[in-house]
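> Got a structure for you, questions after.
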Amino acid sequence: LISSIRAQEILDSRGTPTVKATITLQSGARASAAVPSGASTGSNDAVELRDGDPKRYFGKGVRKVIAHIEGEIAEALKGRDVCDQAAIDAALIALDGTPNKARLGANALLAVSMAAARAAALVRGEPLHRSLCEKPSNLLPMPMFNVLNGGLHAPGSSLDFQEFMLVPMGAPSFSEAVRYAAETYHAIKELLISQGHSTAVGDEGGFAPKLMGGNQAACELMVRGMERAGYRPGEDIAIALDPASTSFYKNGRYHLSRSGNQVLDSQEMVELYQGWLNVFPIVSIEDGHAEDDWAGFAAMTRQLGGQIQIVGDDNFVTNTRIIQRGIDEGTANASLIKLNQIGTVSETIAAVRLCQKVDWGTVMSHRSGETEDAFLSDFAVAVGAGQMKSGATARSERLAKYNRLMEIEAELGDRAEFVNPYR
Ligand code: PGA
Ligand code: ZN
């Protein structure tokens with residue numbers, strides 16, 4: 001049973017405040033969790049509450065969130081059974097009382113919801129990935145490594161698209177997938193150095209170069225990196241993209257301004273991707289259209305959905321009601337899953353289950369502003385998400401997740417499963 005809840009303002013990987021909550025049980029056991037923060041957020045994301053006090057952290061302090069956790073939330077949850085995650089999350093949602101968690105803050109609710117899940121695992125004496133949900137899976141997710149960063153995550157790069165990811169789909173195990181990607185990352189670095197480019201990295205640990213030829217040159221560089229590291233493009237390693245195109249969508253047009261002044265409409269974007277599919281080993285495209293461009297998403301899914309995975313992120317925001325609309329209208333065949341887009345553990349599990357029911361892919365995701373917390377990794381295995389992205393094979397807030405997954409893989413031993421979801 002919950003005895004007390006404390007919270008702390010800590011910094012994320014961008015040096016911006018975020019929240020860590022600690023639950024103490026009557027037994028004296030305690031568990032903590034920290035929430036991440038995005039940069040290219042969807043407009044329907046659950047509300048991340050900030051102080052707005054310009055004298056502290058440019059208004060981005062989270063002291064109000066801390067006060068909500070230690071005040072109202074601690075009061076409401078005191079004496080509750082931490083093993084009943086559904087009841088705890090329902091109490092949090094009811095206490096907040098708004099549809100988008102604007103009153104107490106989704107960051108307040110999620111920090112407590114995650115800490116409760118960890119505390120429950122302690123009580124049960126199980127690892128988090130075993131304790132999180134009924135019938136936990138043994139499936140390690142296929143990782144997507146974001147090795148070239150653009151868009152809002154690397155303002156100085158020449159890349160309009162936000163994420164260029166390596167998918168080691170031919171690897172026999174999760175830890176081998178990590179090795180394939182780490183070696184390719186180093187090979188890409190050598191190529192950049194040999195061409196006189198910068199090897200400085202963006203928010204997710206991927207390189208953020210000023211390449212002539214922009215987005216397309218980035219795909220070419222990835223393929224050459226694979227070959228240099230001794231891997232077969234399209235066999236051992238494929239490419240996944242997250243253009244995060246909401247960030248360059250204005251007045252109904254997509255403005256590819258960094259990589260040469262192209263302005264494209266929805267259909268022209270589909271054709272751009274279609275053209276790339278003939279040249280590059282691409283298996284997945286996320287947010288290829290803007291969050292409001294449902295018609296663009298539908299056209300893309302009709303035209304390319306048979307060949308590749310079409311993932312919705314900013315449009316679906318891990319919200320079952322909106323994902324259901326996407327299912328009904330055929331606007332994707334997979335959904336990104338981010339705990340802090342919706343704000344509680346139970347609602348996030350529900351979003352995954354909805355996708356699984358209709359055979360949609362699910363990609364568990366970190367945020368560009370992360371902490372050392374690897375809750376995500378246990379979550380991905382528990383629900384059997386099948387895929388997960390956590391940035392490059394660099395920067396410890398990214399590696400915390402991959403390292404935790406390798407640990408889980410070792411823990412599961414012979415029971416561990418790892419499959420190519422694109423076959
Ligand atoms: P964000 O980006 O965490 O900055 O929102 C991640 C994504 O768009 O998938
Ligand atoms: Zn995205």
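> Kindly provide the helix-only [θ] at 222 nm of the chain, computed as the sum of -39,500 (n - 2.57) over DSSP H runs of four or more divided by all residues, to the nearest 500 deg cm²/dmol?
Working: 14 runs with 159 residues, N = 423.
Calculated at 222 nm, the ellipticity per residue is -11500 deg cm²/dmol.
> Would you mind telling me which residue in E134, E329, E235 has the biggest mean-square fluctuation in a Gaussian network model of the chain, where springs connect alpha carbons within a distance under 10 angstrom?
Its mean-square fluctuation being the largest, the pick is E134.
> Quick check on the exposure proxy: order F248, F375 from fewest to most C-beta atoms within 10 angstrom. Let's see the in-between values first.
Values: F248 21, F375 24.
Exposure proxy ranking, most exposed first: F248, F375.
> With 10 angstrom as the radius, rank C83, C133, C355 by how many other C-beta atoms surround their C-beta, starting from the fewest. Numbers along the way, then the final one.
Values: C83 16, C133 19, C355 26.
Result, fewest neighbours first: C83, C133, C355.
> Sticking with this structure for a sec: What does the C-alpha gyration tensor say about the overall shape of region 331-423? Classify as rounded when a/c is under 1.5, otherwise prolate if a/b is larger than b/c, or oblate.
Details: a/c = 1.62, a/b = 1.18, b/c = 1.38.
Note, shape of region 331-423 comes out oblate.
> Report the residue, chosen from D265, D12, D89, that carries the largest GNM mean-square fluctuation when the chain is represented by alpha-carbon nodes joined by springs under 10 Å.
Maximum fluctuation in the GNM of the chain, among the listed residues, is at D265.
> In the chain, what % of DSSP beta bridges are antiparallel (nearest 5)? Write down the numbers at each step before the final one.
Values: 30 of 52 bridges.
Percent antiparallel among DSSP bridges in the chain is about 60.
> Rounded, prolate or oblate: which one fits the chain, using the alpha carbon gyration tensor with axes a ≥ b ≥ c (rounded when a/c is under 1.5, else prolate when a/b beats b/c, else oblate)? Show your work: numbers first, answer last.
On the way: a/c = 1.64, a/b = 1.48, b/c = 1.11.
Note, shape of the chain comes out prolate.
> Give me the one-decimal nm value for the distance between modelled label points at Q356 and I193, 7 Å along each residue's Cα-to-Cβ direction.
Here the answer is 4.4 nm between the modelled labels.
> Kirkwood Rh over Cα pairs of region 350-403 into Stokes-Einstein at 10 °C, 1.306 mPa s: D in µm²/s? Provide the component values of the computation, followed by the final result.
Working: Rh = 11.7 Å.
It comes out at roughly 136 µm²/s.
> To continue, here is another question. Compute the FRET efficiency between N100 and L277 as 1/(1 + (r/R0)^6), taking r as their Cβ-Cβ distance and R0 = 45 Å, and round to the nearest 0.05. Present the calculation step by step, with values, prior to reporting the outcome.
Details: r = 36 Å, r/R0 = 0.81.
For R0 = 45 Å, the calculated efficiency reads 0.80.
> Next question. Over 22 Å between Cα atoms, which of K189/K210; K78/K135; K101/K338; K20/K101; K101/K357; K101/K401 qualify?
Details: K189/K210 13 Å; K78/K135 28 Å; K101/K338 15 Å; K20/K101 18 Å; K101/K357 27 Å; K101/K401 27 Å.
Correct reply: K78/K135; K101/K357; K101/K401.
> Sticking with this structure for a sec: Which of rounded, prolate, oblate describes region 46-199, given a ≥ b ≥ c as roots of the alpha-carbon gyration tensor eigenvalues and a/c under 1.5 marking rounded, otherwise prolate only if a/b is larger than b/c? Spell out each step's value before the answer.
Values: a/c = 3.27, a/b = 1.46, b/c = 2.24.
Oblate.
> A further question on this structure: When the chain is treated as a GNM, springs tying every alpha-carbon pair under 10 Å, which of T344, T362, T24 comes out with the largest mean-square fluctuation?
T24
> Antiparallel as a % of all DSSP beta bridges within region 309-423, to the nearest 5? Can you show the working numbers first?
On the way: 0 of 10 bridges.
Counting DSSP beta bridges with both partners in region 309-423, the antiparallel share is about 0 percent.
Where a number appears in this text, it was derived from the coordinates with a stated rule and is not lab data. Here the structure is a predicted model, which means the values were calculated and not measured. Heads up, the Cβs are rebuilt from the backbone with ideal geometry, glycines too, and the neighbour counts pull from every protein chain shown.
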